[in-house]
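See below for the structure under consideration.
The values are calculated or read from the model by the stated rules, or taken from the named source; none is laboratory data. Not measured: the values here are computed from a predicted model. All Cβ positions, even for glycine, are placed from backbone atoms using ideal geometry, and neighbour counts span all protein chains on display. Just the protein is used for accessible areas: all its heavy atoms, side chains included, with ligands, DNA and RNA removed. Shrake-Rupley method; radii C 1.70, N 1.55, O 1.52, S 1.80 Å.
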Amino acid sequence: MLHKNIKKLLVGSALVALSSSPLFAKTYQHSLGTVEINEVPQRVVVLGFGSLDYLDALGVTPVGMPKSLLPENLQQYNTDEFTNTGSLQEVNYETLFTLKPDLIIAEGRMAKIYKDLKDIAPVYMYRIDSTNYWETTQQHWNNLSEIFGKQAKGEELVADVQAQIDALNAKNTEEPKKALTVMSNGSNITSFSPVSRFSFVYQEAGFETSKSVNVAAESRTHGDLISFEYIADAKPDVMLILDRDQAIGRSSGKAKQLFSNELVESTPAAKNEHMIYLDPAAWYLSAGGYHSTQVMIKDLNRAIQ
């Protein structure tokens, strides 16, 4: 009898040890490496708005996030209930350490301090490959929904956005439109190709590229520097304009003044009222968010109405 009791005790102990063994952990691939998750994270700090947007839709509540430039749809986090971790580019390490997170979700603007963040807690790097927006966004959504044990909800969110993308693409396929995507930054104007931060416009939404034949563009790291003569010569059916100054809170409304001139007004885009000023938070600050991706789709639907 004693022998049987000892055997049961040993088996029970083995099962307890096995249940807490790292063999039951799972390793997730992210943008800068891997992270091992042993159990559903309870104290999560989010350092970017795209991932915060997605977690909000998923039903996961972080304990801290940056509050500067917080988009309108995420204003519910701008209260004392949630800790401000700094800005989108700089984190307050003391605050982060005090929060004692069991998972940090960082984004591309924090890539340079990835190793420092790992010294505080496990890090999942949620960086969207803008040249392959929707595929990488889905990968992150699937990973996070599994990490937080919300796979069914994650699948629902992916299917919802995919249906909207398919509908938008179908409209463009019926009657393709040439789009010129530009960003205003002060008095400078840059245009972007299908393989750029605006790849979603061409790869997923199905717009064709509008280029100037007779006026040259000057290649830059972030887009090609162009002139209003370039825009007039390109003759876009649609102009998609991102006001960077507005996105970063520097000013508002200057882009509309900048593009109000005879050269721009000579284009089919202006004549047919297809000058679309993109939502700056969705396109520039919250890449890879559930709400922001839908806002992007709505902006592009306006361009073909």
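Computed values, structure above
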| quantity | calculated |
| --- | --- |
| Fraction of the pair-distance distribution of region 47-87 above 11 Å, Cα-Cα pairs, percent | 61 |
| Relative frequency of Cα-Cα separations exceeding 20 Å in region 71-165, percent | 50 |
| For region 173-272, average projected area of the Cα convex hull in nm² | 6.5 |
| Under 5 Å, built H, 5+ apart or other chain: amide partners of Tyr126 | Ala106, Glu107 |
| Unsatisfied cross-links (Cα-Cα over 25 Å) in the set Lys211/Lys271; Lys100/Lys150; Lys118/Lys153 | Lys118/Lys153 |
| Vicinal HN-Hα couplings computed from phi for region 66-81 (Karplus, 6.51 cos²θ - 1.76 cosθ + 1.60; Hz; Gly/Pro x) | x, 10, 6, 6, 4, x, 4, 6, 10, 5, 5, 8, 8, 10, 5, 5 |
| Helical mean residue ellipticity (222 nm; -39500 (n - 2.57) per DSSP H run of 4+; nearest 500) of the chain | -11500 deg cm²/dmol |
| Cleavage-rule hits, GluC sites (Glu not before Pro), region 210-305, DSSP coil, Cβ neighbours within 10 Å at most 11 | Glu273 |
| Helix runs (DSSP H) in the chain reaching 15 Å along axis by Cα, Kyte-Doolittle at least 0.0 | 2-19 |
| Alpha-carbon centroid distance for the pair region 137-206 / region 25-82, whole angstrom | 21 |
| Built amide H within the under 5 Å cut-off of Arg43, gap 5+ | Asp102, Leu103 |
| Relative contact order, percent, region 120-241 [alpha-carbon distance under 8 Å, six or more residues apart] | 26 |
| For Leu242, distant residues with modelled amide H under 5 Å away | Val182, Met183, Ser184, Leu278 |
| Portion, in percent, of the accessible area of region 109-183 that falls on carbon or sulfur, probe 1.4 Å | 45 |
| Compactness relative to 2.2 N^0.38 Å, alpha carbon Rg of region 101-257 | 1.25 |
| ³J(HN,Hα), Karplus 6.51/-1.76/1.60, whole Hz, each residue of region 31-48, x for Gly, Pro | 5, 10, x, 9, 9, 9, 10, 8, 7, 4, x, 9, 10, 10, 10, 10, 10, x |
| Accessible area per residue in Å² at 1.4 Å probe, computed on the chain | 50 |
| Square roots of five times the Cα gyration tensor eigenvalues for the chain, Å | 45, 21, 16 |
